[in-house]
Ligand code: AMP
């Protein structure tokens, strides 16, 4: 696996695919700088080597040129964060971009305009990728957030940099974190899977069944497992057509000696609302008219024990409807347990889908070992898929 350390960037122009798809407010100010901050180590290493950085990214989903999605809005923020002047060029290919790239001096940063102003980017167009490739000497992919897309700048472009392509430090860190959970991490390994639906996590469960020692299944997904085993789940969320699948997962887990932990009690509500009446019930006996919206106290205690036994922990998905204060307790308790295990020396990775939002909302992002920067890319990695952006560097 080629990383930044395999190259000396002195007098080289690094063409870096970053993921600067950051949220902007109505005044075009960046409201969450995580993705820019995450790319800083890669940019700094190249500049310190004596090289220059040409940054390329997408922003949003434009249909052709769209002023509101121009990357010019974030140039100043990049300057603030990296501490180096950033020159913006209002195109990502063509004469203007090529001239700006050619005159870029060592120690300087050039920011190209939004790649997705060209439909060729998402289409993975080879000619477009070739035009981009003319701008730099070494291609660096540091965009985990788009590594699951076979786009021109994330995958197709790599063929034009034979022997001159590598992962940036962020992408390398993402790959190492996933490998820890899937292969190299200290045992016992635990995966916590929560969220609304089993159908969106099924491939992950099947892929990790023989890679981990414990799986906690929480959130809305759990009810399909409970009903499939004959429990009364009242009006809780359930995918009836996935009940056979749930039973088959439980059987496969048994055969593979992977322990599956389900909630035993829930906080049930008489409506899907923060103001609903609530009661704590056994998960197998939720009355009609009531729905489980959070893990109950006994479940929280059980999960706490499992988490503290484990040395490598993956957390994907909330244990309840955490967006509503009254149903966030299970998710918070789990986060606290993972924080405690991490303090005791366990490796913990949070990522995939909306997990990062939940972790950040409650401040757990500072208390785990690693927070992934890619929602969809992390989910696909956990499903065992080879991501095009990663494969293109390895080829
Ligand atoms: P996912 O995108 O699959 O990770 O699901 C996240 C969503 O699952 C969050 O918006 C939660 O509100 C929701 N969720 C978690 N537990 C439940 C539950 N018991 N009933 C309904 N929705 C839930």
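Residue-wise test of (1) within 30 Å of residue 381 (Cβ to Cβ); (2) crowded, with 21+ Cβ neighbours inside 10 Å.
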site: 205; (1), (2): yes, yes
site: 220; (1), (2): yes, yes
site: 233; (1), (2): no, yes
site: 247; (1), (2): yes, no
site: 251; (1), (2): yes, no
site: 266; (1), (2): no, yes
site: 271; (1), (2): no, no
site: 279; (1), (2): no, no
site: 282; (1), (2): no, no
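Against the test of being away from the ligand (no atom under 16 Å from the Cβ) and not in a helix (DSSP H, G or I), the options 234, 230 yield a single qualifying residue, 230. Scan region 92-125 for residues that are exposed (fewer than 15 other Cβ atoms within 10 Å of the Cβ) and closer than 23 Å to residue 148 by Cα and the total you get is 2.
Count, please, the residues in region 377-395 that happen to be touching a helix residue (DSSP H, G or I) at 6+ places or on another chain (Cβ under 8 Å) and surrounded by fewer than 20 Cβ atoms within 10 Å (Cβ to Cβ). Selection size over region 377-395: 3. Residues that are more than 22 Å from the chain's Cα centre (by Cα), under 25 Å from residue 4 (Cα atoms) and in a loop (DSSP other than H, G, I, E, B) are absent from region 52-73.
Set side by side, the residues 136, 163 differ, and just one is more than 19 Å from the chain's Cα centre (by Cα), part of a loop (DSSP other than H, G, I, E, B) and crowded, with 24+ Cβ neighbours inside 10 Å, which is 136.
Can you say whether residue 302 is out of contact with any helix residue (DSSP H, G or I) (no Cβ under 9 Å at 6 or more places or on another chain) and either surrounded by fewer than 24 Cβ atoms within 10 Å (Cβ to Cβ) or within 27 Å of residue 210 (Cβ to Cβ) (or both), as far as the supplied structure shows? Yes. Please verify whether residue 222 is modelled with pLDDT of 95 or more and within 16 Å of the ligand (Cβ to nearest atom), treating the condition exactly as stated. Criteria met by residue 222.
The values are calculated or read from the model by the stated rules, or taken from the named source; none is laboratory data. Nothing here was measured: the structure is a model prediction, and the numbers come from that model. Every residue, glycine as well, gets a Cβ built from its backbone with ideal geometry; the counts of neighbours run over all protein chains shown.
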